[in-house]
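The values are calculated or read from the model by the stated rules, or taken from the named source; none is laboratory data. Just so it is clear, the structure is predicted and the values come from calculations on it, not from any experiment. Using ideal geometry, Cβ is built from the backbone for each residue, glycine included, and neighbour counts are taken over all protein chains shown. For the accessible areas, the whole protein counts, side chains as well, though only heavy atoms, and no ligand, DNA or RNA atoms are used. Shrake-Rupley method; radii C 1.70, N 1.55, O 1.52, S 1.80 Å.
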Number of protein chains: 2
Amino acid sequence: MGTEFDTKYLSGFIEDEDLNGIESEVKSAHDILYSGTFRSATGWLDLPENYDINEFNRVKQCADKIRNDSDILIVIGIGGSYLGARAAIEFLHSSNYNFLGKDTPNIFFAGNNMSSSYIGEILDMCKDKDVSLNVVSKSGTTTEPAIAFRIFKNFMEDKYGKAEAKNRIYCTTDKNKGKLKELAIKEGYEIFAIPDDIGGRFSVLSSVGLLPIAVSGADIDRIMFGALKARNQFMKCSLEENDCYKYAAVRNILYRKGKSIEILTAYEPRLSIFLEWWKQLYGESEGKNHKGLFPASAIFTTDLHSMGQFIQDGSRIMFETNLIIKNSRSHIVISKDKNDSDGLNYMSGKTLEQVNRTAFKATVLAHCDGGVPNGIVRIKDSSEEELGSLIYFFEKSCAISGLILGVNPFNQPGVEAYKNNMFALLERPGYEGLKNKLCGNLPV
Amino acid sequence: MGTEFDTKYLSGFIEDEDLNGIESEVKSAHDILYSGTFRSATGWLDLPENYDINEFNRVKQCADKIRNDSDILIVIGIGGSYLGARAAIEFLHSSNYNFLGKDTPNIFFAGNNMSSSYIGEILDMCKDKDVSLNVVSKSGTTTEPAIAFRIFKNFMEDKYGKAEAKNRIYCTTDKNKGKLKELAIKEGYEIFAIPDDIGGRFSVLSSVGLLPIAVSGADIDRIMFGALKARNQFMKCSLEENDCYKYAAVRNILYRKGKSIEILTAYEPRLSIFLEWWKQLYGESEGKNHKGLFPASAIFTTDLHSMGQFIQDGSRIMFETNLIIKNSRSHIVISKDKNDSDGLNYMSGKTLEQVNRTAFKATVLAHCDGGVPNGIVRIKDSSEEELGSLIYFFEKSCAISGLILGVNPFNQPGVEAYKNNMFALLERPGYEGLKNKLCGNLPV
């Protein structure tokens, strides 16, 4: 069925006239998106149709090789070079993927933080195991993944020797230039390209995301097919017929009505990293020029017992978007207890999934009563095809939404501020001036 | 050293006169807290001094037994019966605790959601393993843990037979009454008491949290000792000398200055569930009467590459509190690369921890420059003692902060709204009227 956006529980919060009022801005956003103004950053837009089939097949071959010769795949990357792959793997399998009995490798993500205990534990887990390494970095010089790659490259060469290590190291990096590209050529690593016109947070359907996803055993052809269907489904410039644009419009309407926070919710724990992926996509695209909805996430019913009170009755500053998967793939029936010692017999015979679905309905009604607008993004099931559709839906909606907001959705100038300070404090050559400015102002 | 709150990076955002202005309200909050008005909900206040030593010793004995006879401990609970134990275990060990080579049981948490695939996976992982069960529920009738307990009780009795299963099931429940209490007596389970005067989100230092924490091998005596030191350290009604009260005051000052969101950050992935515990503590205590700071969390540097752009330059609606652990317990030195192929040699010889600490300093300075006030909550190390101190610091500060805000920090009436709707939709006897009201208004 693809992805749909249901506005039923926005009634009372958003009127037809709100949607009519913003329609011309949606049209302008659409026109800008297709005008070529951002051509250098919108390669993701036609990617499901235009992707490099040779590279795609090479991804599948390498994934086969890794599945055959490795117990563990280490994926080194941060931000958009990390979240998409992990989000998809957990979405398609489980947040306990590494614990499941399976014939695919365990997959650990490194280079997304600078915790020495975290990296030390992964090194420990790799002892006595066969390991492959996928380093994902456009420049090769982003601090976190570069440090991790230094450590794991040494580990691999110590373990396998340089000759065999090079058969187990896969670099996903800039097509033409950069430190990692140079090193990969010199060392003879397998190389995949990050397309020039696709930024990190829009890159999950390129080799950046697809190699680790394929290693997990997922069918990446079906993911691309789902994305292609979404591309065709969400092309028309219409609020009436294009749910992707409607979601973008609704977010901006609610923002203008004073909402500051959007909470994306889901009822399956294995979606929690997908929600993190969404947070980067929207937060990094829109959070600039002192504007933007603050993106937050919640897994229900878990977080109804933590953030539920606030959402029901705290500051009225948020709306919710519920990410709902219609069909569950697992069924557990609640049994009857002869003494009904917990008083649950009234729901015996129902599946857990039915109760979970009922909790969703109950929560939407309760939160609406509490004054929280609720939208619903719905897909049919947690298949590869539906995931592909969902990813494309959110990417395109994000671009439209950011353009309506009046920002450039494709840059992230603010991310440099802490990096520059860090380079200065670490005494990287060339940052001496900034270092002098910062010193005397440091926390302990 | 215990917990301290550093306000250096709040200068420019908060002036001395702001603190002077709120001092009388802090004093009132302190007086209310100790007046006995909330006596029935503030048992946590003197718990580190007053805890039941017999029960405490029984927790340690049972933890020993579980460590000796079980590969896996399943902890069933939701909200305050879930987050504290998991937060402490990950804080003290690792977010990969279950993956580490160790001589303590794996610990899985169930009953905190209604995902059938989640619960099915845990059942699978328990095959061919020795299992113990700790069910934590005051009433025994909260839907999520009650369903999970039904499922896992059956599993245990099928696996071990009723006679041995009862030696492996531990109930943490109301002292005197309730469905679970009745069942536990009838079946002969080991029973631990949830004190009447301690609400779920304040219960981690009772048997609720301590049994699973002790099973993980942590020293719960040291946790209680750290909490006791904090109790004594943070008793005085003074903004000058009581950092716990100062944190409560600062939050309220920033709220009144228009900040809507507090982001608690940490630089170690293993703190991510601790941040979730904090979100429940503050969100559920303060989010009522359409008031309160929205609590959010971020793990840096990971999330600097997702939410970093927004924090640096998006809507100016948040402040940050940084949870900093001074001394790391793991050290990895960045090696020198003879070709410097990644350009990192300028930091070779430094430990990863030094770079992580530098990232923190760089980020605080960058975000302050961006207009985001930054407070720092600091502890010495990630020992049990410092964790105990930190827990007490946040609990007491939360109570004071909620009282300054003018809400009852100890109730959570809003959590009932979705539950009541759910009971009605599931046709629980007694909810027929509400069911008729809700129907016709349901999402698909």
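Brief remarks on what is shown
- Residues of region B:386-428 that turn out to be of a type outside the set (F, W, Y), open to solvent by 20 Å² or more (accessible area, probe 1.4 Å) and touching a Phe, Trp or Tyr at 6+ places or on another chain (Cβ under 6 Å), as a count: 1
- B:I147 fulfils the conditions (1) among the β-branched types (V, I, T); (2) within 21 Å of B:D71 (Cβ to Cβ); (3) in a helix (DSSP H, G or I) except for a single criterion, (2).
- Some residue of region B:71-91 being open to solvent by less than 40 Å² (accessible area, probe 1.4 Å), touching a Pro at 6+ places or on another chain (Cβ under 9 Å) and polar (S, T, N, Q): yes
- Condition check for A:I76: farther than 20 Å from A:D174 by Cα and among the aliphatic types (A, V, I, L, M): no
- Note on region B:166-189: residues that are more than 22 Å from B:Y82 (Cα to Cα) and either surrounded by 18 or more Cβ atoms within 10 Å (Cβ to Cβ) or among the small types (G, A, S) (or both) amount to 1.
- Among the residues of region A:258-293, the ones that are under 29 Å from A:S383 (Cα atoms) and not charged (D, E, K, R) come to 18 in all.
- Of the residues contained in region B:362-376, one or more are found to be in a loop (DSSP other than H, G, I, E, B), at the interface with chain A (Cβ under 10 Å from one of its Cβ atoms), of a type outside the set (K, R) and surrounded by fewer than 23 Cβ atoms within 10 Å (Cβ to Cβ).
- Among the numbered conditions (1) open to solvent by less than 10 Å² (accessible area, probe 1.4 Å); (2) within 23 Å of B:S94 (Cβ to Cβ); (3) over 26 Å from the mean Cα position of the chain (by Cα), the only one that A:M114 does not meet is (3).
- Test for A:K435: is it surrounded by 19 or more Cβ atoms within 10 Å (Cβ to Cβ), out of contact with any Pro (no Cβ under 9 Å at 6 or more places or on another chain) and in a helix (DSSP H, G or I): no
- Meets criteria (hydrophobic (A, V, I, L, M, F, W, C), surrounded by 17 or more Cβ atoms within 10 Å (Cβ to Cβ), within 14 Å of chain A (Cβ to nearest Cβ) and in contact (Cβ under 8 Å) with a residue 24 or more places away in the chain) for B:I194: no
- Within region A:240-358, strands (runs of 3 or more DSSP E) holding 1 or more residues that are of a type in the set (S, T, N, Q) and either open to solvent by 20 Å² or more (accessible area, probe 1.4 Å) or within 9 Å of another protein chain (Cβ to nearest Cβ) (or both): A:294-299, A:318-325
- Search result, residues across region A:119-142 that are among the acidic types (D, E) and either touching a Ser or Thr at 6+ places or on another chain (Cβ under 9 Å) or open to solvent by less than 40 Å² (accessible area, probe 1.4 Å) (or both): A:E121, A:D130
- Scanning region A:143-160 for residues that are more than 24 Å from the chain's Cα centre (by Cα), touching a residue at least 12 places away in the same chain (Cβ under 8 Å) and open to solvent by less than 60 Å² (accessible area, probe 1.4 Å) yields A:I151, A:F152, A:K153, A:F155, A:M156.
- When the residues of region A:1-40 are filtered to those that are open to solvent by 80 Å² or more (accessible area, probe 1.4 Å) and closer than 18 Å to A:L228 by Cα, the one that is farthest from the other protein chains (Cβ to nearest Cβ) is A:Y34.
- Every listed requirement among (1) out of contact with any Pro (no Cβ under 7 Å at 6 or more places or on another chain); (2) part of a loop (DSSP other than H, G, I, E, B); (3) under 29 Å from B:M125 (Cβ atoms); (4) touching a residue at least 12 places away in the same chain (Cβ under 8 Å) is met by A:G140 save one, (3).
- Checked against (1) closer than 19 Å to B:K65 by Cα; (2) more than 11 Å from chain A (Cβ to nearest Cβ); (3) buried (at least 18 other Cβ atoms within 10 Å of the Cβ), B:A163 meets all criteria but (3).
- Of everything listed in (1) within 14 Å of chain A (Cβ to nearest Cβ); (2) more than 22 Å from B:L254 (Cβ to Cβ), the single unmet condition for B:Y392 is (1).
- Residue within region A:166-180 that is touching a residue at least 12 places away in the same chain (Cβ under 8 Å) and of a type in the set (G, A, S) present: yes
- Search result, residues across region B:206-230 that are surrounded by 24 or more Cβ atoms within 10 Å (Cβ to Cβ), assigned to a helix (DSSP H, G or I) and not β-branched (V, I, T): B:S207, B:G209, B:L210, B:L211, B:P212, B:A214, B:G226, B:A227, B:A230
- Pair list, Cβ < 6 Å and 6+ apart or interchain, from region B:331-357 residues that are farther than 14 Å from A:A424 by Cα to residues that are open to solvent by 60 Å² or more (accessible area, probe 1.4 Å) and part of a loop (DSSP other than H, G, I, E, B): B:N345/B:K336; B:S348/B:K336; B:T351/B:H331
- Annotation note: Cβ proximity below 7 Å between a residue of region A:204-218 that is on the phi > 0 side of the Ramachandran plot and a residue that is surrounded by fewer than 24 Cβ atoms within 10 Å (Cβ to Cβ) (sequence gap 6+ or interchain) occurs for A:G217/A:T104.
- Set B:P373, B:P413, B:P409: member being touching a strand residue (DSSP E or B) at 6+ places or on another chain (Cβ under 6 Å) and in contact (Cβ under 8 Å) with a residue 60 or more places away in the chain: B:P373
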